[in-house]
Structures are given as C-alpha cells and as structure tokens.
Amino acid sequence: MSTQQAEPESQEAPKDPEMQGAESPAAEKQKGGGMVDQTSTDASELEGETVHIKVFRYDPEVEAKQEPRFDDFHVPFEKGMTVLDAVMYARDEYDSSLTFRHSCRQAVCGSDAFFVNGKQRLGCKTQIADLEQPVRIEPLPHQEVVKDLVVDMDHFYDQMHTVEPYFQQEDLPDGELEEQRQSRENREKVKMSTRCIWCGACMSSCNIAAGDNEYLGPAAINKAYRFAMDEREDEEIKEHRLRILEQEHGVWRCQTQFSCTEVCPKDIPLTEHIQELKREAVKKNLKFW
Amino acid sequence: MYEHDVIVVGAGGAGLRAAIAAHEAGADVAMVSKLHPVRSHTGAAEGGINAALREGDDWELHAYDTMKGSDYLADAPAVETLTQNSPEETINLEHWGMPFSREDDGRVSQRPFGGLSFPRTTYAGAETGHHLLHVMYEQVVKRGIQVYDEWYVMDLVTTDEPDPNDRECHGVVGYDVQSGKIEGFKAHDGVILATGGPGQAFDHTTNAVSCTGDGHAMAYRAGAPLEDMEFIQFHPTSLPSTGVLISEGVRGEGGILYNNEGERFMFEHGYANNDGELASRDVVARAELTEVNEGRGVNDEYVHLDMRHLGEERIMDRLENILHLAEDFEGVDGLIEPMPVKPGQHYAMGGIEVDEHGQTCVDGLYAAGECACVSVHGGNRLGGNALPELIVFGKRAGRHAAGDDLGEPEIKTGYGDDVEDETDTELPVAPGKAGLDTTGSVAADGGVTAEADGILERSVEAAREHVDSLIEKEDGVQHAEIRAKLQRAMTDYVNVFRTGDGIRKALKIIRECRQEYQNVYVDDPSRTFNTDLQQTIETRNLIDVAETIALGALVRNEFRGAHWRQENQTRDDENWLKHTLISWDDGEPSIFYRPVILDGENKTYEPKERSY
Ligand SMILES: Cc1cc2nc3c(=O)[nH]c(=O)nc-3n(C[C@H](O)[C@H](O)[C@H](O)COP(=O)(O)OP(=O)(O)OC[C@H]3O[C@@H](n4cnc5c(N)ncnc54)[C@H](O)[C@@H]3O)c2cc1C
Ligand code: SF4
Ligand code: FES
C-alpha cells in the first residue's frame, strides 16, 4: 500500500495563507454556518457559534485526495464538545469519507490519538473550547498515514511486543484459589505504568524514536517497567527484562526530553520510569552504551 | 482463504478468554476482530468482578443473589456454573499478573456492590475492565495466538437446511479494513462469536461506537434465536453529551440528585422514600425521566448530580476519576458545579441463545460474552456479574469448540418440543423481507450436500458482490441518516418507559428504516480504511437487533426487571416465567418461548417479590 509520511514539513506547509484559502467542497456544502475564527477558552462564548476545524486529508486510492490537503469544516458548537465530537459531526453531516479511528469516547480504548494544534492528544479527551481556532487536526507525526487521520500502528505494536509484555512468573502458589501476595506499596508503585492504553501519543512525540526506528520507545519501556517492578515476578526474570531494556536501542537512548510525559493522556510519568530503569540497570552492573 | 481449527470473532474479554482456552485445549486458534484487541469495550468497565473468594461467602450465596437480581428470569444451571467457576477464574487472572487492588496482607481486595449479600466484587481500582482486557491480551501474545486485527467479520458461513438445528457453521467471511480485501476464514471445529453489546441501537449509550450488535445479527440470520432481547439495562447516571458513565460510586458516597427547581426529587416526589438516590438503577432512571417529562428537567433533558458538599478532600480521595470524566467529557468542574446526568443504555441482558457450553443450536457456532444469553442475568444484571461471565463462559466456549468434553448441557437451544409459540400479539407492521434482499441471507446456498469449501467460496463471492454494489451505487440514502432515525426511535419508544403504542410506533419506524436501507449507498469510493462502508454494514445489523428488542418488548406484557410496561405494572409469574426467543425464519422474525429453569443443583429458586 502506498503511504505518505506525515513529516513536520508537510504539516507546516498549509500554514501558508494561500493554501488555507483552498477550502474544500465539503466545507462549501454547508451554508449559513457563520464562520468565526476566534480564540476562546470560555465555553459560554462559543454557545450558538460554529467551530472551525481544519482536518488533514489523504487517501492513496482516491485521485482527488492523493495530494495531502486540509479540509475546512464549520461545526455547530455544543457545550462539552470534544475534538472527536467535532470530527464525528463533520463526517456524519458533511463528508462521510472522513476517516479516523475511535471507539470508546472515554479515553480508555486509545484509538483516537491525533495531532491537534501541534500536540499529540486524544480527540475524545480534548475539549474544543480549550483550543485556539481554527483547530488543526492531523494524524500522529512520525507514523505512516494510511488515510486521513488513520496511521499505521504496526511499528508501535511491534515495539510493544519486543519487551515480552506478559507476566512470567511460573512458580505459582499451590491451590486454585490461592493468589500471589502483593503489597499495597508495590501495587501503588506499578499502578501508573499499568494505565497505558497503547494510544501511541508518546512514541509520536519522541524525537529519539523519530530518528531511531529501533528505539523501543517510551510506551514499550513503560510496559517493561510495569513487569520489572512488579514484585510478583522473581529476580531472574527481572534481570532478563533489564537485559532487554539496556540493549543498544533501549533505555540509554532516552535523552530525558520529557515530551512523552507531557503528552501522555494517562499522566504516566514515562521519563521518570525510564530513568528508574537506567538506575536499575546500573545497580545490576549491566553494561550500557 | 485462511484456515484454523477454531475462529474467535471479537477480541474483548470473552473472545480473548475463549481463544486462550481453545489454544490450551490444543486447537489452532485465530482471533478476528474489527478493532485491535486492546481497543475492545471491555476496557471501559470500572466496578469489578464478582467472585465468592472469602470465608463467609460461597457460590451458593452468589447464585442466590444473582437469581433474585434477575427477577427470576435467569436459568439456574447457568447461574450456578457462573458462580461456581468465577472464583477460580478470577484468581487465574491474578496468576496472570492482573494488578488487583490489595489488602494489607497482600490478598486481593473485594468491595460491596448493589444487590450482593457479601462484599464479593473483586476490583483493580476503578479500571477493572482495562486491566482484565490487557492481561488477557498479554496472555494471547505470550502464546503466540494469531490475531487478525482490524478485520471486520461480515457474515457467517453456514449451511442452509430448513431447520436451524440441522445447520452447520463452517467459518466466516472477513473484510480487511486497511486494504478492503474480502476473504474466507474456514473453521474446522467451530466459530465463537464474542462481539459484545448492541448499545448503538440507542442514541444515548454508555457503550462504545463499535458496539453494533454484529454478532447478534449474524447469528440471528444464520438461524440461532435471540433470547430475552427486551431486557436492556439503563444506567441512571451517564453524561448527556456523550453517554460516558458516571459510576454509581458517586451516589454511594452521598451524591444528590436535583431537578431544575433545586428539589431533591427522589424524596420530594416520593420515588424512593427510604433509599432515595440509592434505590436500584431502574427506579432512579425512571424517576429522572419522569422529572424531565413533567417539565422539571434541566434544559428539558437531564437532572443534576451534585457532589460538591462532599468536599474536595473526599472527592479527590475516592472519586477523582469522576472529576476527570466530568471535566474531559462535559467541560464541567464537579468541585464547583453539579454534573448533568441522564439515563443511558448500558447493557443488554439478552443475546444469542446458548447453553452452558456456549453452543448455539447451529452446529459449530458458539457465542460468549455480552452478545450471548446463557442466561445468567435474566431481567436485570447485577453490577460486577458481566466480567465473570466473560471469563467463565468464554473459557467454556473455547474448550468445547476445541473438542473438550464438558458433559451434557441442561439448557436447551433452538426450536424444539419444549417451546411454546407466540399466538396472541398482533404486530403493527407485517414483518417480512423488506430491506433484506440487498444483502442476501447469511446461510449460503448448497445445503447438506455442499462441501465446506464450496459454501465458503460462494459466501465470499456474495460478500464481494455486495460490497461492490454498495460502493458502486452512485446515490441513495446514507447510513448515518438511517442509523440516527433508528436510534431516535429506540430512545423515544423502547427506552426506560415502554407502552404498547410506543413500541408499535418504534416497530413501524424500524420497518421504514429497513425500507430505506434498500436504497443505502456508500459515498466513499476508496477500498482503503473505508469506515463509511463498515458503518453501512453495521447499520443493517442494528436494524435487525433493534427489531428484536422492540418485538420482545411488545410481546412481554408484564413488568419484570428492567422491562417496564405501562399497561401492566406487575410481574406476572403465572404467564411469564419464560424466555422470549425470536428467530429468523426465512426473512420473518418468529417468536416462541421456553420456560425458565429455576431448579438448581441442590435447590429450587422460588420467585419472591423484589422490594425496592
Ligand atoms: C461503561 C461500562 C462499565 C461497565 N462496568 C462493568 C463492571 O464494573 N463490571 C462488570 O461486570 N461489567 C461491567 N460492564 C459490562 C461489561 O464490561 C461488558 O458487558 C463486557 O466487557 C463485554 O465484553 P465482550 O467481550 O462481550 O465484548 P467487547 O469487549 O465489547 O468486545 C467485542 C469485540 O468484538 C469485536 N467485534 C465486534 N463486531 C465485530 C465484527 N463484526 N467483526 C469482528 N470483530 C467484531 C470488537 O472489535 C471487540 O474486540 C460495563 C460496561 C460498560 C459499558
Ligand atoms: S504511555 Fe501514555 S502516551 Fe504512551 S501509549 Fe501509553 S497511554 Fe499513550
Ligand atoms: S475514543 Fe477511545 S480513547 Fe478516545
């Protein structure tokens, strides 16, 4: 399948006012929208207005969409409206070919991470009223675009799988109804790391991951943290995990730029987790790069 | 064509558990799912998993609570299977590394939940479903089970003997969302549907947009009856704009419901003078809607749920997640404003009729999870009972499909000697094939004599033609229009309050939707990630499912569990201790009934009045 790389350059391009003028037929379709380009942080100011969104469009198969472009939509604002609500409205009312992933609408399925006004965010968790208009909605950078806002997640999944993302304690308590014991403190320690919803926002925001395709990336390292720090797995397995992490494209690549931590919709302290794993590796005398 | 022993459709909690079990039983198993597994709706569950784990509790108490909660419409053998197996299955999740909340001694925590006589709800923070989903997906990765993700299953491949009890399922037809490729998946030993709930039949639901009842509709058209579809649970506190769920925990901690006049209506208008906001879900949902209907709703739509008086400290300690939800999805700060809430569709108690092994009446066709009806929830599901259902019956379906012997089931399926036909109710519109010819029937031609491969090939061919015709058609009606109309009708007339007249209106509108669907077309010409096409196919499924919900609601002229009928506001045990079954009879829904099984292993569950 032919794909298009959403490099920062191509995302910058449409900022050119000339190109913005090229409104799409879809946007023309709706009338009397009262186009208002305003910046607002107060929802009540938007009541009764329309919201101007600019959505990235690309389809390798459809001639008119092979050249990436932005389409403008003016969507009636409602209190509480999220970015996802706005693109759904645009799709259902103006252009049914507008394509994006979404499912839960409540920040747990991780499918609608987009690049909104220059930042990786979950569409369903981002209030329109909090954004400057026009709201620019693009696919996640550094991932291949399949169509419109849909990116190819395979590389992200592959990296997740590299860290052996499954519990590996074979030595279980006797008796079917006997659980392993885990202290409250230990559960607290791994708690944040277990909240990851595989949205890919962190990976997309990471400069290192952008330059080094083999870098495990923040999400996969966090996944490894989740197991390495869980006291229910024994030392041997923990060491095995650290060996995976300290390899050339593992934790040492992280340059603590905090961009992953900044965008994570689940507030996972990713950079901190990576640092902690570096310290663990040092303690265990594992070589580093 | 792809070939496996067992094919699991759907990769939520039920599908993942089924796949792992089939794999452990030695089968070559593959999962086909329209979403990547970790995107499944099981991830949204908050509360927990019921399992009798501790001293003082046992499976019999759990079974008793469940039978009572069901308003005596659950089958005892299913309920007892659930409650006997959920402790082991829950601990098994712990063994797989699930991060359950813990007690001081390091054991898993349990908490009280509505309708339970013992605090047996085992939980992982307020994110139990998320952890359950991820832990099981991890186990699937560990075992190297093949997952075809973002493959949409369009049809089942089934022989077409006149009697569904004689039919056999050989596989499914799948559609690769990313490339548009349509292929057959042949299953040597069985197909397990684990496609989740049908919440999108309503326009206001706590369910994900992916919950479109695909499995229900495919099984129904293949001849497996849908059971007790009229029983839909409405949750009283969902956010008006999105349907996102505000947990019962808010009212548990002392949250108060107000109408637009600032009245604490649960007491002031006498809906529940003892329990107030903490009355059962259906009572509170009805009270809220009555307020709105009588002009005392806020913006004529919702009521207010206020937790400000609990104080910031307590809210942050116990309800932090709720603050985020109200903020993120409604733009409301729960610390300084009351939160808007209204009832939302939440859960389907009914589903594809199966026995305790997850088997339908069609040979080789199984169902598990919310799309199935075993039946353990009857007229009303207790909170915390859906997740154990996924793991207990998911596992059983997986094992059975892979050839494990689970003994003779007690629950019967399909049309047989033990059923009673519906003869009384007059339908407002003649059910028939309207709207169906465009998509063809699921049971492929060929009958008994046809080879599995031949049937599969023909089904794939039919699916390709069907998709081509949808895409090539230049104009017509768009699915979004039909879907919106259908959802509106269900919400207006088959909601919390139901009247015979209303349901009849809904049935007429559903029939119109069918008619309009004959003229449906797909605007997006692309084969790449064509969500327009996928949603168009889903809309057809929603029409079928909505019709069974409305038909079930029309014939069941009594008040039981979540099903409220204005004309008859009492539970009628004499006539209605029976399941409603609707089967697809050559394009016409036909309705019949099968008695509830109240006899358990050691005792009979005598129906008692449920007091609120
Ligand atoms: C907000 C919320 C909170 C809840 N909280 C609780 C709770 O605390 N405790 C409890 O016990 N229950 C709870 N429930 C109920 C419970 O979570 C669900 O009933 C359960 O998770 C459903 O699981 P499932 O595996 O049947 O379906 P799902 O998890 O919905 O999975 C369905 C799968 O099928 C796939 N699929 C669907 N159609 C197709 C198709 N055509 N082709 C291919 N794949 C397809 C999807 O991709 C998905 O993988 C809650 C429900 C909601 C909505
Ligand atoms: S760590 Fe955060 S940003 Fe990264 S995938 Fe997980 S949830 Fe998304
Ligand atoms: S739609 Fe599920 S995370 Fe946004």
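Scan the stretch A:194-216 for residues that are among the aliphatic types (A, V, I, L, M), in contact with a Pro (Cβ under 8 Å, 6 or more places away or on another chain) and within 14 Å of ligand 2 (Cβ to nearest atom) and the total you get is 4.
For the stretch A:149-194, the set of residues classified as touching a helix residue (DSSP H, G or I) at 6+ places or on another chain (Cβ under 8 Å), among the charged types (D, E, K, R) and either surrounded by fewer than 21 Cβ atoms within 10 Å (Cβ to Cβ) or more than 7 Å from chain B (Cβ to nearest Cβ) (or both) consists of A:E164, A:E176, A:E178, listed by residue number.
I'm trying to understand the selection: among the residues of the stretch B:340-386, which are under 30 Å from B:L323 (Cβ atoms), part of a loop (DSSP other than H, G, I, E, B) and not small (G, A, S)? Give the steps one after another, and end with the answer.
To start, the set of residues in the stretch B:340-386 that are under 30 Å from B:L323 (Cβ atoms) comprises B:340-348, B:370, B:380-386.
Filter once more, keeping what is part of a loop (DSSP other than H, G, I, E, B): B:380-385.
Hits for the stretch B:340-386 are B:N380, B:R381, B:L382, B:N385.
Among the residues making up the stretch B:45-65, those that are at pLDDT below 95 and within 13 Å of ligand 1 (Cβ to nearest atom) are B:A45, B:E46, B:G47, B:G48.
Listed by position, the helices (runs of 4 or more DSSP H) enclosed by the stretch A:186-288 that each have at least 3 residues that are free of Cβ contacts under 8 Å to residues at least 60 places away in the same chain are A:207-211, A:217-228, A:235-245, A:259-263, A:270-283. I'd like the full set of residues that are among the small types (G, A, S) and either within 16 Å of ligand 3 (Cβ to nearest atom) or touching a Phe, Trp or Tyr at 6+ places or on another chain (Cβ under 6 Å) (or both), limited to the stretch A:184-225. The answer is A:S193, A:G200, A:A201, A:S204, A:A209, A:A219. Number of residues in the stretch B:50-87 that are under 30 Å from A:L172 (Cα atoms) and assigned to a helix (DSSP H, G or I) equals 15.
Put simply, of B:I537, B:I509 the only residue that is hydrophobic (A, V, I, L, M, F, W, C), more than 10 Å from chain A (Cβ to nearest Cβ) and without any contact (Cβ under 8 Å) to a residue 40 or more places away in the chain is B:I509. Scanning the stretch A:107-137 for residues that are away from ligand 2 (no atom under 14 Å from the Cβ) and either within 22 Å of B:L239 (Cα to Cα) or surrounded by 24 or more Cβ atoms within 10 Å (Cβ to Cβ) (or both) turns up A:Q127, A:I128, A:A129, A:D130, A:L131, A:I137.
Assess whether A:G175 counts as being of a type in the set (G, A, S), farther than 30 Å from B:D524 by Cα and at pLDDT below 95. It would help to see each step written out before you state the result.
On the way: of a type in the set (G, A, S): yes; farther than 30 Å from B:D524 by Cα: yes; at pLDDT below 95: yes.
Yes; evaluated as a whole, the condition is true for this residue.
Can you confirm whether B:G223 is modelled with pLDDT of 95 or more and either surrounded by 24 or more Cβ atoms within 10 Å (Cβ to Cβ) or assigned to a loop (DSSP other than H, G, I, E, B) (or both)? Judged against the criteria, B:G223 is not a match.
When you check B:T90 against the structure, is it within 16 Å of ligand 3 (Cβ to nearest atom), assigned to a helix (DSSP H, G or I) and within 27 Å of A:S183 (Cα to Cα), yes or no? So that I can check it myself, show each step before the final result.
Values: within 16 Å of ligand 3 (Cβ to nearest atom): no; assigned to a helix (DSSP H, G or I): yes; within 27 Å of A:S183 (Cα to Cα): yes.
It is false that B:T90 is within 16 Å of ligand 3 (Cβ to nearest atom), assigned to a helix (DSSP H, G or I) and within 27 Å of A:S183 (Cα to Cα).
Just one of the numbered conditions (1) charged (D, E, K, R); (2) within 14 Å of chain A (Cβ to nearest Cβ); (3) farther than 27 Å from A:D154 by Cβ is not true of B:K34: (3). A residue that is within 15 Å of ligand 1 (Cβ to nearest atom), in contact with a helix residue (DSSP H, G or I) (Cβ under 8 Å, 6 or more places away or on another chain) and not assigned by TED's automatic domain parsing to the domain that holds B:N385 occurs nowhere in the stretch B:283-297. Among the numbered conditions (1) assigned to a loop (DSSP other than H, G, I, E, B); (2) away from chain A (no Cβ under 12 Å), the only one that B:M98 does not meet is (2).
Which strands (runs of 3 or more DSSP E) sit wholly inside the stretch A:87-164 and have at least 2 residues that are farther than 18 Å from A:K266 by Cα, in the same structural domain as A:E67 (by the TED database) and away from ligand 1 (no atom under 16 Å from the Cβ)? Steps first, please.
On the way: elements: A:113-116, A:119-122, A:135-138, A:144-147.
It comes to A:135-138, A:144-147.
Tell me, which residue of the stretch B:475-488 that is buried (at least 22 other Cβ atoms within 10 Å of the Cβ) and touching a Cys at 6+ places or on another chain (Cβ under 8 Å) is nearest to the other protein chains (Cβ to nearest Cβ)? Once the filter is applied, the top-ranked residue is B:I482.
Of the residues examined, A:I237 is not one that is assigned by the TED database to the domain that holds A:D267, within 16 Å of ligand 2 (Cβ to nearest atom), among the β-branched types (V, I, T) and on the phi < 0 side of the Ramachandran plot. Inspect all residues belonging to the stretch B:285-305 and state whether any of them is surrounded by fewer than 24 Cβ atoms within 10 Å (Cβ to Cβ) and touching a Ser or Thr at 6+ places or on another chain (Cβ under 9 Å). Yes: one or more hits. Only one entry in B:D468, B:D492 is touching a helix residue (DSSP H, G or I) at 6+ places or on another chain (Cβ under 8 Å), in a helix (DSSP H, G or I), surrounded by fewer than 24 Cβ atoms within 10 Å (Cβ to Cβ) and without any contact (Cβ under 8 Å) to a residue 24 or more places away in the chain, namely B:D492. For beta carbons closer than 6 Å, sequence separation of 6+ or different chains, a first residue in the stretch A:106-131 that is at the interface with chain B (Cβ under 7 Å from one of its Cβ atoms) and a second that is within 12 Å of ligand 3 (Cβ to nearest atom) and among the aromatic types (F, W, Y), the qualifying pairs are A:G110/A:W198. Counting the residues of the stretch B:546-589 that are under 22 Å from B:K505 (Cα atoms) and free of Cβ contacts under 8 Å to residues at least 12 places away in the same chain gives 2.
Just checking, does the stretch A:176-190 include any residue being within 15 Å of ligand 2 (Cβ to nearest atom) and outside the structural domain of A:K65 (by the TED database)? Walk me through how you get there before you give the answer.
Taking the stretch A:176-190 and keeping what is within 15 Å of ligand 2 (Cβ to nearest atom), we get A:190.
Then drop every residue that is not outside the structural domain of A:K65 (by the TED database), which leaves A:190.
For the stretch A:176-190, residues within 15 Å of ligand 2 (Cβ to nearest atom) and outside the structural domain of A:K65 (by the TED database): present.
The values are calculated or read from the model by the stated rules, or taken from the named source; none is laboratory data. Source: prediction; values computed, not measured. Using ideal geometry, Cβ is built from the backbone for each residue, glycine included, and neighbour counts are taken over all protein chains shown.
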